[in-house]
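Here the structure comes first, spelled out in structure tokens, and everything after it is commentary.
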Amino acid sequence: MSQHSIKPHAHHEPGHDNTGHDHGSYRSYLTGFVLAAILTIIPFAIVMGGGFESRVLTAVTVIGFAVVQILVHMVYFLHMNTRSDEGWTMLSMIFTVIVVVIMIAGSVWVMYNLNTNMMPTMDHESFQGFGS
């Protein structure tokens, strides 16, 4: 059979194949890029503008934008969805997120407890002259 006699299937759509993998299209990449740019510009403007009255609210807002941007990257650029590989891609991503959250939370907890318990009498005001 010659190479020219092979014809694509009529049900084949650009950006998709029969394995459930989404290879993306120009429009999806452009949408992902625009969303990623917006999700970068907004927190940058908030921080450069001095942030909100509460530093905690500013930090939570920036972290929230970061989480949404991670999701945008995973959907639009890494093509992760529940259809790919019969859901195993999403399952492995969820497992990875759980492990990372446990590692970060545990690290912060240990660092906080070490700081609190190892240096309870440290006077930070006496060190104001050093390094200036």
Checklist outcome for this item: In the set 126, 92, 132, the lone residue that is in a helix (DSSP H, G or I) and modelled with pLDDT under 65 is 126
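State which residue is farthest from residue 70 (Cα to Cα) when the search covers only the range 26-59 and only residues that are part of a helix (DSSP H, G or I) and aromatic (Phe, Trp, Tyr).
Top of the filtered list is 26.
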Item to check | Enumeration of residues in the range 68-84 that are at pLDDT 80 or above, not aliphatic (A, V, I, L, M) and not in a helix (DSSP H, G or I) | outcome: 77, 79
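The values are calculated or read from the model by the stated rules, or taken from the named source; none is laboratory data. The model shown is predicted, which means the values in this text are computed figures rather than measured ones.
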